[in-house]
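I have placed the structure first, in the form of structure tokens, so that the comments after it can refer back to it.
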Amino acid sequence: MTLLPAPSTKRLGLVIDLDICVGCHACAVNCKEWNTGGYGAPLGDVDAYGVKPEGAWLNRIHTFEVSPKDSPAQIVHFPKSCLHCQDAPCVTVCPTGASYKRSEDGIVLVDEDRCIGCGLCSWACPYGAREMDPVEKVMKKCTLCIDRIYNDNLAEIDRVPACVRTCPAHARHYGDLGDPNSDVSKMVAERGGFDLMPEAGTRPVNKYLPPRAKTSPNTPPKQSEQTESLEATGFLGWLDKALEKLG
Amino acid sequence: MSQTGQETGQEIGPGRGTGEHREQERGLDASPKVSDRVARTTCYMCACRCGINVHLRDGKVRYIEGNRDHPINRGVLCAKGSAGIMQHYSPARLRKPLLRTGERGSGQFREIEWEEALTLATEWLGEVRMRDPKKLAFFTGRDQSQSLTSWWAQQYGTPNYAAHGGFCSVNMAAAGVYTFGGAFWEFGAADWERTKLFLIFGVAEDHDSNPIKLGLSRLKERGVKTIAVNPVRTGYNAVADEWVGVTPGTDGLFVLSIVHELLKSGKVDLDYLIRYTNAPWLVIDDEGAADHGLFARDKDGKPLVAERGGDKVVAYDKKGVKPALKGRFKLADGPDGGREGVPVFELLARRYLDASLAPEETEKTTGVPADQTRRIAAEIAETAFEKEIVVDQPWTDMKGERHDKMIGRPVSFHAMRGISAHSNGFQTCRAIHLLQILIGSIDTPGGFRFEPPYPRPVGLQPKPHLGPNLPGEPLQGPHLGFPEGPEDLLLEEDGVTPVRIDKAFSWDAPLSAHGLMHMVISNAHARDPYGVDVLFLYMANMAWNSSMNTAGVMKMLSDRDEDGEYVIPKIIYSDAYDSEMVSYADLVLPDTTYLERFDCISLLDRPIGEPDVLADAIRWPVLEPDRDVRGFQSVLLDLGARMGFPGMVKEDGSPRYKDYADYIIHHERKPGRGPLAGWRGKDGDKTGRGEPNEDQLERYIEHGGFFEIELPENTRYYRHANRDWQEWAVEHGVQDSIVENVFQLYLEPLRKFQLSAEGKVQPAAPESHREQIIRCFEPLPDWYAPFEGEAIDEGDFPFHALTQRPAAMYHSWGSQNAWLRQIYGTNPLFVPGAVCDSAGLKDGDWAWVISPHGRIRVPVKRTDAVNPKTMWTWNAIGKRSGAWALKPGAPEASKGFLLNHLINELLPPKGDGMRWSNSDPVTGQAAWFDLRVRIEKAEAPDELSLPQFPPQENPLPKPPENVTWGKEWTR
């Protein structure tokens, strides 16, 4: 068992906008290429060119089809990575102290030196956000790109998670969700950002923004005068008047 | 012990409990070194050409990210671009030139030295050049160096050159250029900052990958409505506010029904139409005459208009003229004396007000409910005319009239493959442009905007050129261009036989501005119009996903004639990877990856301009090749010099260019104008025009691999008619002279072809083609049913089958990529729920999909987010076993599949003895999306997709079991 620290005031995390995610996988692949050469063991891929390629990913895009009653079926893309929960069951379940939550910013990390690869944390995570590295057999998870956000070797503007920097649709945002005045907190407040599976009691830091209400496709705009025939009172009649106005 | 800090409250403080570990205790380095250096170059994981920062460490690629300064992607990068590392280090990369040792298709080769390879290629190519140059067919696939490859082919003297546009999206390019001097594709963009309604037709992932995502995101931020028209509701269509699940191939009818509604309610921009289009031009009405339906012209050839309120007929560009848009006018002057002309606009109004285009009527074919069509038309009208944008920016039009404002109609459009890949795609694309123009939204604030160097109307485009077909004689101009009538076709003296092997610019496909690469192998095999001696291909996977009728094409490539010789005697192929096409080549010239060579994304070719900037770019070797491969462009220049091409050797016969980089710097297509526009002139201080600059490539490299220049504010809209723009463009070498660009609602070249099909003018179309030309070449945008649907019995093949390109894959390149193949390693056929129910299919079942041409066995997945008559799959995931260095049993080959096996490059025989290409009859665009099918449940105890092919051998070492990229940099 590992203890969680006292709740931090600073809670770094992601806000993911489901309204605009087109399911392009840019975030997932850019995450993989940054992190395979970054924090901890590389993100290995076994049978990489074979029958059943399987690698460790810190972020995956899930695709669902939903069929609302009153509108056509639609596809929803749902990117999912560690949500850096305030009450992170993956931390408390860890027998070695490898899985931990940072007191200073709330990021949940795995100290791979202490990880024995038992997999309890991934069982405990209700979101399936942790993956055992298939080569190194240590637990991998989103680090919120801790080696980017505090990295003095990167330009300040680039000190954001790789997924946020790369997202072509700007569907991903990073910031301090513990600060009610931060851009991300305001975004969550304005857009009705929600917790994933609140019933799990994990109090995730990451938030999702729901799809916006579609701009009322069923409200007919103001109808213009209709022209029914080509006679003098019809389209060509209208044309004369319109051209007169034009001068 | 309590489980969480929350529950234990203050007892758990910093430094207490096993849950708390300071960074230093954990040995966490939150500020590690990232790379030794960052090389900024251009991506090539798809056709989008984004700027990338390649982080290099210990001589290897550590990380690739988007370049924030780059005009295309502004810092973001897609999945493909981010997976560039795995592409560069792919085990499918070729290592040395290869000479075939086994049968074609077997994949048996021996590695040879470059000198042997180049000597052999020179021998094969040189012999043909001195004997009968047309017997070389040189076609390139995903080629981003067409200004070089085309020039090389001109120097060789063969008429048989094109890139792959004919099976890609020529309909978009041709319809756009002919209609308004621009095109969707990558040559224009919605005004993302100002538009108030956006319609996107037939787009999954495509050209402009990142710009469209950035743009859609901006629309969402601004609360702008997006309407997506696509039978399949994935990707962009999934996030759109409204989805129109149109029946494939009927988009044109849907658009014309909107036009019908707009005309009915008088919602058209008459001022815009009068100023910028041929709406007022008079069309000769003289049934039976040889010029019936052509524009009435004065003795200088200028089209005529009638002055409103009178009967005077004057040149369209007479200053101050107020032209009539309706009526019949006596054509008193010139050769038309005594006859009558009618303004285009009246013909147009009569045509589109026809009751057959009422939404209730079109619904029967498009599947789009009449109410929805009518409402969308009203939304377009309301946005265009009630939400007008006025920008206080003075500008000058082509007549010299000064305007103090720019008026915008903020409805924008984008369209791509779903529109173009039909046999009616040219007309459908024209219909969309008609709609844009009627509401006055092209290159106006909030509308669709040109990306410089566009607009480039037909007047700024070349005509197709032929060579003298004499040994050693170059062509006098480019192969590809834009014919303006039958007189511009490339025909033998009989006026019928095509000159080109792909039959481009013949009666089969008169406006085939990008050639018909998809017909080359089929025609060469049939020796129709003749056989070829050498087939030379670059980056084109014609033995697999880039061909229709894949199995047939594989056979054609390996068929032998009665003498036991291959029907296509010699095949030279260049690619960086062991693709399916490699196994059919006799000689393989291995290319580098995109990180190892110079490339030039040129204004002479397909530039990277954005609406407010003129830009071009390079790639440069950020890594040296670790194997014996050479950039194809340098190899071409070497071959050209060995054969003594006039442009490629000096007076003493020695090579003029050391390599491609040397060419990029020193080549001048015209004095002062070369491949790159930036940093020209001896001191690098000239833009567009200027003598070569020895340091030009260094300047590009310093500036992130690209050059850009911002357009002055007064040249950012109305560029079709903006004198300020035209003058700027001439000054900056974008064009040679000021050229008029009147939007062609009524396209006279089409009417000329109809006249030749009516037998009224010479050259007259052959009898066999007349009916088709008369029907499909309507000079006003039109809709006709796709050909394949017409040729079959609807009851036998009730469904449509399509591919969609996944955002994380691009053609066949992606499957060798260890990361991307984990995302799309197989491609089920997505089948509408109701179809599944009636065929007894559920997820995981297998089905036969049967077309008039063939049958395939595929895995099935149910979906309802699709047009109910349409099934679809992801594009080009399926692979031939053994290709791309994938191991036996890889799912791409065992379960993946291509729809290509169901599609023939020829239409079903009509009993007339002719071979009719499965293409748009106007442009020759391959009609991939016309495919019609039925579906039946299949047993598949072996869980294999069918057809399967014997595995190709490959000349490469076994790929590794595992990948742990970056291990040396992790702790």
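Results, tabulated for the structure shown:
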| item | result |
| --- | --- |
| Candidate lysines for bridging to residue B:405, where Cα separation is under 22 Å - those fewer than 8 sequence places away on the same chain excluded | A:245, B:196, B:267, B:319, B:322, B:387 |
| Eligible lysines near residue A:137 by straight Cα distance, threshold 16 Å, same-chain separation 8 or greater | B:967 |
| Rg/Rh ratio calculated on Cα atoms of the stretch B:37-88 (Kirkwood radius) | 0.94 |
| At R0 = 25 Å, FRET efficiency that the Cβ-Cβ distance of residue B:315 and residue A:242 yields, to 0.05 | 0.55 |
| Length gained when the stretch residue B:222-residue B:624 is fully extended (0.36 nm per residue, less Cα-Cα span) | 140.2 nm |
| Tensor-based shape of chain A (alpha-carbon gyration tensor, a/c under 1.5 rounded, otherwise prolate or oblate) | prolate |
| Distance between the stretch B:402-475 and the stretch A:84-134 - C-alpha centres, whole angstrom | 55 Å |
| Cut-off under 5 Å, modelled amide H: who pairs with residue B:802 long-range | B:871, B:872, B:873 |
| Straight-distance crosslink candidates among lysines, where the alpha carbon sits under 19 Å from residue B:869 and sequence neighbours closer than 8 are dropped | B:364, B:842, B:861, B:937 |
| Estimated FRET transfer efficiency (residue B:944, residue B:473; beta-carbon r; R0 41 Å; 0.05) | 0.20 |
| Stokes-Einstein D in µm²/s, Kirkwood radius over Cα pairs - chain B at 4 °C with 1.567 mPa s viscosity | 44 µm²/s |
| Of A:55, A:91, A:168, farthest towards positive along the dipole that unit charges on Lys, Arg, Asp, Glu beta carbons give the stretch A:49-170 | A:55 |
| Packing-based order for B:913-921, B:406-414, using average beta carbon neighbours within 10 Å, highest first | B:406-414, B:913-921 |
| Beta bridges per DSSP with both ends in the stretch B:787-938, % antiparallel, nearest 5 | 60 percent |
| The stretch B:901-971 and the stretch B:849-871: distance between their alpha carbon centers, rounded to Å | 15 Å |
| Members of A:214/A:241; A:52/B:879; B:80/B:670; B:264/B:752; A:241/B:318; B:213/B:895 lying beyond 26 Å, as alpha-carbon distances in this model show | A:214/A:241; B:80/B:670; B:264/B:752; B:213/B:895 |
| Point-charge dipole on Cβ atoms (K/R +1, D/E -1) for the protein assembly as shown, about Cα centre, debye to 20 | 1760 debye |
| Cα gyration tensor, the stretch B:298-379 - rounded (a/c under 1.5), prolate or oblate | prolate |
| Amide proton proximity set for residue B:949, modelled H, under 5 Å, gap of 5+ | B:881 |
| ³J(HN,Hα), Karplus 6.51/-1.76/1.60, whole Hz, each residue of the stretch B:109-116, x for Gly, Pro | 9, 10, 6, 10, 7, 4, 4, 5 |
| Rg ratio (alpha-carbon, reference 2.2 N^0.38 Å) - the stretch B:197-296 | 1.49 |
| Length released on extending from residue B:670 to residue B:365, taking residue separation times 0.36 nm less the Cα-Cα span | 104.7 nm |
| Projected area averaged over orientations for the stretch B:787-938, convex hull of C-alpha atoms, nm² | 10.1 nm² |
| Residue A:140 long-range amide H proximity, modeled H, under 5 Å | A:131, A:132, A:133 |
| Which of B:416, A:187 has the fewest Cβ neighbours within 10 Å, and the rest in rising order | A:187, B:416 |
| Vicinal HN-Hα couplings computed from phi for the stretch B:435-444 (Karplus, 6.51 cos²θ - 1.76 cosθ + 1.60; Hz; Gly/Pro x) | 4, 4, 6, 4, 8, x, 10, 7, 6, 10 |
| Within chain A: Cβ-based charge dipole about Cα centre, in debye rounded to nearest 20 (Lys, Arg +1; Asp, Glu -1) | 420 debye |
| Residue exposure sequence - B:668, B:562, B:451, B:624 - by fewest surrounding Cβ within 10 Å | B:562, B:624, B:668, B:451 |
| Shape call, the stretch B:200-246: gyration tensor on alpha carbons, a/c limit 1.5 | oblate |
| Karplus 3J(HN,Hα) series, Hz, for the stretch B:187-198 with 6.51 cos²θ - 1.76 cosθ + 1.60 (x for Gly, Pro) | 9, x, 8, 5, 7, 4, 7, 10, 5, 10, 7, 10 |
| Over 21 Å between alpha carbons, listed pairs A:32/A:80; A:10/A:207; B:760/B:910; A:32/B:33 | B:760/B:910 |
| Alpha carbon centroid spacing (whole Å) that separates the stretch B:163-186 from the stretch B:706-778 | 12 Å |
| For B:365, B:101, B:923, order by how many other beta-carbon atoms lie within 10 Å, fewest first | B:101, B:365, B:923 |
| The protein assembly as shown - Debye-derived log10 I(q)/I(0), Cα point model, q = 0.07 Å⁻¹ | -0.69 |
| Per DSSP, loop trypsin sites (Lys or Arg not before Pro) in the stretch B:456-562 with at most 16 further Cβ within 10 Å | B:527 |
| Fraction of beta bridges assigned by DSSP in the protein assembly as shown that are antiparallel (%, nearest 5) | 70 percent |
| For chain B, size of Cβ-based charge dipole, Lys and Arg +1, Asp and Glu -1, in debye | 1200 debye |
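Values in this text are rule-based calculations from the coordinates and carry no lab data. Being a predicted model, the structure only gives us computed values, none of them experimental. Note that each Cβ is placed from the backbone with ideal geometry, even for glycine, and that neighbours are counted across all protein chains shown.
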